[in-house]
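Engineer: Pasting a structure below so you can have a look.
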Amino acid sequence: MVNILGAVPTDQEIERYALELALRLGLFLLGAVLSPAVGRSLPQLLQLVLHFTERHLEIDAVGAYEGFIKPFRNSLTIAGTLLFIALCLNLLANYEELYTFLGFFIYLSLSVSIAWLASKAAQQVILRSVINLLRSRGKEVNEIVLVFETLTNILIILLAVAIFARGLKLNLIALSASLGIGGIAVAFAAQQALGRLIGTVELYLDRPYVPGEYIRVNFNPYAEDLYGRVESIGLRSTKIRTAAQNTLVIVPNSMMAGMKIENITRGKKIMAMLCLEFVQRLQEGEKALVKQVIEQTSQTFWGFNKANMRIQFSQPEGKLGTRARVSFFITGSSEDSIGLRKRLLELANDAIAKNLSAYNLSFTIPEPMVYIDSPMSI
């Protein structure tokens, strides 16, 4: 240790330095020990804030807590614990090497936990608020919701990177400027390679096909379409195993990104089966009422094949009630869109239950909804 004037420190300065370091390190360790208690109190603190806000603004504190805080109690606890540890780490800010060493692990964990919590919360907000808002205004809920969800996740990742960099006191502006200058140099030096790389990024983001799927694409308007199975997607090209001839066609990703592609494998639909068991035996008029409520409620949700929806009534063995089995068919071009429609179907089930209860029709759902893949024929 050398003081500002460059002189060798005295024994008293060394002792004072060691004592201060021990004191600050002890306080940091004490804060780390108390951090789990602080993290567990964060959900209760947010609940108190909601109740306090309810006195001044017209909000449903109980509904907001049940819908947006209670489902994420564990994630909030972890994020609150790590946030308190990160605040306690500022006690060691004067000791740069120790601060950087501990800060790397602490701020990395904090960034990941905040990103995970924000992603789950954003998905809940989109599911319960955005989708319901669009439906209440008569708007159609389509794949634009997935785009909005993806952009939200990108912003969350950028936020996590910013938190990590800010915690380690990194200069993001200088780093971004250096990367920008390097990017310009690479663009001038290798334009073709950069074009292929951009095409690869487009394919991975849009995912018009994945390895193992069958696609049909036309590279020459005067020739037949190329039909085959995607073998692999590399950094430069896509390899397609042609049907019948069994040859391997290697196409640059930049070309594939600009082609009209027909994905044969994704031409499928999923059947969802819901079982409702009514306590009383339904008469013909009540069955017609149940069928009408289900059909009218499902029409307000997008993504279901209404023409193929089936509602069957039966009498369960050994029971006096009536069983209604509802079959929905949902279609989608990707796993994300199928997942969106499944979430919409969950909202539709809640709406159906709410509408049926208005007619004093008591029922139970004995088993969760079953999803069955139903591939379409080529």
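Only the coordinates and a few stated rules stand behind these numbers; no lab work does. These numbers come from a predicted model, not from an experiment. Here Cβ is always computed from backbone atoms with ideal geometry, including for glycine, and neighbour counts include all displayed protein chains.
Engineer: Taking the stretch 198-235, which GluC sites (Glu not before Pro) meet the DSSP loop condition and have no more than 10 other C-beta atoms within 10 Å?
Structural biologist: GLU224
Engineer: Give me the percent of Cα-Cα pairs in the stretch 192-263 that sit more than 16 Å apart, rounded to a whole number.
Structural biologist: Values: 1078 of 2556 pairs.
Value for the stretch 192-263: 42 percent of Cα pairs lie more than 16 Å apart.
Engineer: Under 5 Å between amide H atoms, partner at least 5 residues away or on a different chain: which partners does GLU213 have, H built in plane at 1.01 Å?
Structural biologist: VAL230
Engineer: Another question, if that's okay. Does anything in the stretch 82-96 have its amide N under 11 Å from the 7 Å Cα→Cβ label point of GLU20, and if so which residues?
Structural biologist: 94-95
Engineer: Cross-link list LYS70/LYS319; LYS319/LYS354; LYS70/LYS169; LYS120/LYS260; LYS291/LYS342: which exceed 30 angstrom alpha carbon to alpha carbon?
Structural biologist: As for pairs spanning more than 30 Å Cα to Cα, those are LYS70/LYS319; LYS70/LYS169; LYS120/LYS260.
Engineer: Turning to a different aspect of this structure: Averaging over all projection directions, find the projected area of the Cα convex hull of the stretch 11-170 and quote it in nm² with one decimal place. Write out the running numbers ahead of the final one.
Structural biologist: Values: hull surface 48.5 nm².
Across all orientations, the stretch 11-170 yields a mean hull projection of 12.1 nm².
Engineer: How would you rank PHE28, PHE52, going from fewest to most other Cβ atoms within 10 Å of each one's own Cβ?
Structural biologist: PHE52, PHE28
Engineer: Which FRET efficiency, nearest 0.05, do ASN90 and GLU367 yield, Cβ-Cβ r, R0 41 Å?
Structural biologist: So the FRET efficiency works out to roughly 0.20.
Engineer: Hey, another quick one. Quick check: residue separation of SER357 and LEU45 times 0.36 nm, minus the Cα distance between them. What number comes out in nm?
Structural biologist: Contour length minus the Cα-Cα distance gives 108.8 nm.
Engineer: Take the Cα of LEU170, step 7 Å along the line toward its Cβ, and report every residue of the stretch 81-107 whose backbone nitrogen sits under 17 Å from that point.
Structural biologist: Only 97, 99-107 fall inside the zone, counting backbone N under 17 Å.
Engineer: Related question: Can you give me the long-range amide H partners of LEU226? Hydrogens built in the peptide plane at 1.01 Å from N, cutoff under 5 Å, separation of 5 or more residues or another chain.
Structural biologist: Under 5 Å from the amide H of LEU226 lie the amide H atoms of VAL217, ASN218, PHE219, each far enough along the sequence or on another chain.
Engineer: Right, another one. Rank the residues GLU66, GLU286 as a footprinting-exposure proxy: fewest other Cβ atoms within 10 Å of their Cβ go first.
Structural biologist: Placing the least packed residue first, the sequence is GLU66, GLU286.
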